[in-house]
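I have placed the structure first, in the form of C-alpha cells, so that the comments after it can refer back to it.
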Amino acid sequence: MVSRRTKAVAEFGLALLTALWMVSMRRLLRSSDDESYEPTPLSPGGIAVGGAWGIGQVWAYDRDSWKVRTRRRRGLVVSLLGIAVERRLLPRTESFRYSLGLGRVLGVLGYRAWYGLLRPLPGDE
C-alpha cells in the first residue's frame with residue numbers, strides 16, 4: 001500500500017508538470033507566427049477561485065472532511081457536486097474557465113509544496 005505522503009509528493013509532481021505544460025503552451029501560442037490567434041486572456045477572478053477550489057479539495061481530502069478519503073462513494077458524490085456547482089454557478093467564459101483550471105493547479109501545487117514536501121500531512125493516518 002502506498003503511503004499518503006508518497007501520494008502527496010506524486011500529486012505535487014503532477015501539478016508541477018501540468019502547470020509547466022500550461023505555461024509553455026501559452027508561450028508557444030504567443031510566439032507563433034499566426035498573428036490572427038491570441039491565447040486566451042487570464043482572468044484574475046478565475047485564478048483566485050480556482051486556487052481556492054484546488055486548496056479546498058486537497059485540504060478536505062487530507063483532513064478527511066465529510067469522510068471523502070475513507071469512503072470512496074462519498075468522495076465521488078462530493079466530486080460530482082463540485083462539478084455541478086462549477087457548471088451552474090461559475091461564469092462560462094473561455095477566459096474564466098481556463099483561468100479556473102490554471103488556478104486550481106496552482107492552488108494544489110502551493111498546498112502540496114507546504115503540506116507534503118515541507119511539512120507533514122495534516123490529519124490522521
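The values are calculated or read from the model by the stated rules, or taken from the named source; none is laboratory data. As the structure is a computational prediction, the values presented were derived from the model and not from experiment. Because the Cβ atoms are built from the backbone with ideal geometry, glycine has one as well, and the counts that use them run over all protein chains shown. Heads up: the accessible areas ignore ligands, DNA and RNA and are worked out on the full protein's heavy atoms, side chains in. Shrake-Rupley method; radii C 1.70, N 1.55, O 1.52, S 1.80 Å.
Numbers at a glance
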| read-out | value |
| --- | --- |
| Label-point gap, in nm, between Leu90 and Ala10 - each point 7 angstrom along Cα→Cβ | 2.5 nm |
| Principal-axis tilt of helix 94-114 within the chain, Cα atoms, nearest 10 degrees | 40 degrees |
| Inter-label distance, nm, simple model (7 Å from Cα along the C-beta direction), Leu81/Ser31 | 4.5 nm |
| Solvent-accessible area, 1.4 Å probe, carbon plus sulfur percent, for segment 1-52 | 67 percent |
| 5 angstrom amide H check on Ser43, placed H, neighbours 5+ away | Ser99 |
| Where the chain is the region considered: accessible area per residue in Å², 1.4 Å probe | 70 Å² |
| At most 11 other Cβ within 10 Å, DSSP loop - chymotrypsin sites (Phe, Trp or Tyr not before Pro), segment 35-125 | Tyr37 |
| Cα centroid separation, segment 85-125 to segment 31-71 (Å) | 4 Å |
| With at most 14 neighbouring Cβ atoms within 10 Å, loop trypsin sites (Lys or Arg not before Pro) (DSSP) excluded, longest segment of the chain | 1-70 |
| Segment 1-92: relative contact order in percent, alpha carbon pairs under 8 Å with at least 6 residues between | 9 percent |
| Folded to 0 to 90 degrees: helix 44-63 orientation relative to the chain principal axis, Cα | 20 degrees |
| Using alpha-carbon coordinates, inclination of helix 4-30 to the longest axis of the chain, degrees | 0 degrees |
| Nearest-10 value in Å² for the accessible area of Val23, using the 1.4 Å probe | 60 Å² |
| Candidates Leu81, Leu109, Leu42, ranked by Gaussian network fluctuation over the chain, Cα under 10 Å, top entry | Leu81 |
| Per-residue [θ]222 nm for the chain (sum of -39500 (n - 2.57) over DSSP H runs n ≥ 4, rounded to 500) | -24000 deg cm²/dmol |
